[in-house]
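Scroll down for the structure; my scribbles are underneath it.
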Amino acid sequence: MSKNVLIMAGDGIGPEIMEQAENVLRFVNEQESLGLEFDHALVGGASIDAAGVPLTEDALKLAKASDAILFGAIGGPKWESLEIAIRPEKGLLRLRSEMELFGNLRPAMLYPQLAEASSLKPELVSGLDILIVRELTGGIYFGQPRGIRTLENGERQGYNTYVYSESEIIRIGRVAFEAAMKRGKKLCSVDKANVLEVTELWREIMTDLNKEYPEVKLSHMYVDNAAMQLIRAPKQFDVIVTGNMFGDILSDAAAMLTGSIGMLPSASLDKNNKGMYEPCHGSAPDIAGQGIANPLATILSAAMMLRYSLGHGATADRLEAAVSKVLDQGYRTADIYSEGTQKVSTSQMGEAVLNVLKSSN
Ligand code: NAD
Ligand code: IPM
Ligand code: MN
């Protein structure tokens, strides 16, 4: 039975990295007769330019009807003066929200070949393998009321609402406990329960859920300490579960431990493991158009898509092995370059992955 993959490349480096990921996907699709069919839709700034909105109803319909979505990156200086409600980022947020993709998995794993590229000393990061489980459709990103209002004294005030309901906390908690059961059975829930009631409730519910997963060793940590501990001794963590905004921030920090944000893939899943897959990084306006962006996070996101949503775990394993192989071969985009390795462009990196796949069947 054929399955539909919707490709949304987006803005900035989005189309550059996506071209490589799509080449790789199309190749394994042919080679292994996976029966995947590909469709494309605009999102973000590209959609604003073409249709006036960051996500059209047609694109949303296509996304909902597809079996999985591979997403590049959106945003950029061109659209920064627009108000928040119609900016490129809203296209991504609307996809997440309308499709109820509440479970965001962000694995931060150090490829041993990249120990030199990490910001930390090799001994602090060798063997690093963390999974950040980020709640993706609630919290302060979506809480109401929100906006900018004018007070009686004429002063303007910006406001957002940080809110989580019990059911939202329970469902992301289950994703995290289930993931911990399949890994090292250690879960650290990150909150700010010393200040914010919403995370006081979060902590209480995580503690309750632990009774259903007694084998998992649950700990709690305040987010400020968690940021420090991630940089001080990252290997103490196995699975981290946290809310939308804390997860956004901590996953960028975790990315750097692995050498570059250009290496970090992600999966955003609904309750049936239908999902959207995207690199954790953005549209990188500072390097867009230069052909130097790292496409590996997107290729690794395609691997996660094959595994979680398309039922092709073995092909996902092959893609991940191919990425490891090109690193063995010494190929590096600029963001992960270190002395003694070979600096390559975005397309050369994509071709290197393809070449490994061609020679390993
Ligand atoms: P960014 O992740 O785009 O870039 C941060 C830094 O990392 C830059 O120096 C960039 O060059 C580098 N970088 C990112 N991806 C890279 C890659 N694949 N290879 C090599 N280097 C890479 O974050 P930003 O600059 O804060 O945001 C730029 C735009 O992207 C904003 O509009 C933001 O809203 C958007 N954004 C989108 C997403 C997404 O689409 N999921 C995620 C984050 C940010
Ligand atoms: C991410 C991005 C998005 C987020 C933005 C672009 C809306 O930073 O996917 O990490 O904050 O979730
Ligand atoms: Mn982010």
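The values are calculated or read from the model by the stated rules, or taken from the named source; none is laboratory data. This is a predicted model, so every value here is computed, not measured. In this analysis, Cβ positions are derived from the backbone assuming ideal geometry, glycine residues included, and neighbour counts consider all displayed protein chains. The area values use the complete protein model at the heavy-atom level, side chains included, leaving out ligands, DNA and RNA. Shrake-Rupley method; radii C 1.70, N 1.55, O 1.52, S 1.80 Å.
Structural remarks
- Among the lysines of the stretch 129-257, pairs at least eight places apart or on separate chains and with Cα atoms under 21 Å apart come to 11.
- Carbon plus sulfur fraction of accessible area for the chain, probe 1.4 Å, in percent: 51
- Local electrostatic count at residue 164 - Lys and Arg +1, Asp and Glu -1, tallied over other residues with Cβ under 14 Å: -3
- Close amide H contacts of residue 220 (hydrogens built in the peptide plane, cut-off under 5 Å, sequence separation of 5 or more or a different chain): 189.
- ³J(HN,Hα), Karplus 6.51/-1.76/1.60, whole Hz, each residue of the stretch 320-336, x for Gly, Pro: 5, 5, 5, 4, 4, 5, 5, 6, 4, 6, x, 6, 9, 6, 4, 5, 10
- Alpha-carbon Debye profile of the stretch 129-257, log10 I(q)/I(0) at 0.11, 0.15 Å⁻¹: -0.40, -0.69
- Helix-only CD estimate at 222 nm, as mean residue ellipticity for the chain, using -39500 (n - 2.57) per DSSP H run (n ≥ 4): -12500 deg cm²/dmol
- Ligands, DNA and RNA are left out, and with a 1.4 angstrom probe the accessible area of the chain is 44 Å² per residue.
- Look at where the Cα atoms of the stretch 215-234 and of the stretch 141-198 average out, and the two centres are 17 Å apart.
- The residues neighbouring residue 79, those whose beta-carbon lies less than 12 Å from its own, together hold a net charge of -2 under the Lys/Arg +1, Asp/Glu -1 convention.
- For the stretch 129-257, relative contact order (Cα pairs under 8 Å, six or more residues apart, normalised by length) works out to 36 percent.
- Distance between the stretch 298-320 and the stretch 76-140 - C-alpha centres, whole angstrom: 18
- In the calculated pair-distance distribution of the stretch 235-361, the portion above 25 angstrom amounts to 29 percent of the Cα-Cα pairs.
- Those lysines that a straight Cα-Cα span of less than 18 Å connects to residue 78, excepting residues fewer than 8 apart in one chain: 90
- Distance-filtered residues of the stretch 103-141 - backbone nitrogen under 16 Å, label point 7 angstrom along residue 31 Cα→Cβ: none
- Per-residue accessible area (protein heavy atoms, 1.4 Å probe) orders 224, 191 as 224, 191, starting from the largest.
- Anisotropy class of the stretch 1-90 from Cα gyration tensor, a/c 1.5 cut: oblate
- Based on the Stokes-Einstein relation at 20 °C and a viscosity of 1.002 mPa s, and on the Kirkwood radius from alpha carbon pairs, the chain is assigned a translational diffusion coefficient of 102 µm²/s.
- Residue 84 accessible area, 1.4 Å probe, all protein chains in place, Å² to nearest 10: 110
- Inter-site label distance for residue 339 and residue 82 at 7 Å from Cα along Cβ, in nm: 4.6
- Over the C-alpha atoms of the stretch 125-203, the Rg to Rh ratio, Rh being the Kirkwood estimate, stands at 1.14.
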